[in-house]
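Data block below; observations after.
The values are calculated or read from the model by the stated rules, or taken from the named source; none is laboratory data. These numbers were taken from a predicted model, which means no experiment stands behind them. Counting neighbours? That spans all protein chains shown, and the Cβs are built from the backbone with ideal geometry, glycine included.
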Amino acid sequence: MMLLFFLVIAAGCVVIDLPLLKQKGRPRDRLVWVLFWILGIAAVYCSLYKIKVPSPLYLVMFIYKPVNSFFEMWFH
């Protein structure tokens with residue numbers, strides 16, 4: 001029920017924001033706007049239903065370690 005409440009609020013915000021975004025005529029802005037809305041709704045869903053999501057820190061570590069070892073090998 002709580003998720004439905006947040007979806008109704010999100011739909012109301014979409015109705016208000018989308019016409020203003022269409023006036024600018026920038027498809028990239030609309031794409032980013034839609035992606036942020038989808039991510040926001042997904043975050044609310046995960047928090048309401050207590051879904052375990054891995055930490056974004058794992059992604060940073062996954063990228064950082066190979067780059068760090070490459071530069072360490074290169075400069076030593």
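Figures for the structure shown
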read-out	value
Helices (runs of 4 or more DSSP H) contained entirely in the chain, each with at least 2 residues that are at pLDDT below 80 and surrounded by 11 or more Cβ atoms within 10 Å (Cβ to Cβ)	2-24, 27-48
Every residue from the range 56-67 that is over 16 Å from ALA42 (Cβ atoms) and of a type outside the set (A, V, I, L, M)	TYR58, PHE62, TYR64, LYS65, PRO66
Residue within the range 33-40 that is touching a Phe, Trp or Tyr at 6+ places or on another chain (Cβ under 8 Å), at negative phi and in contact (Cβ under 8 Å) with a residue 24 or more places away in the chain present	no
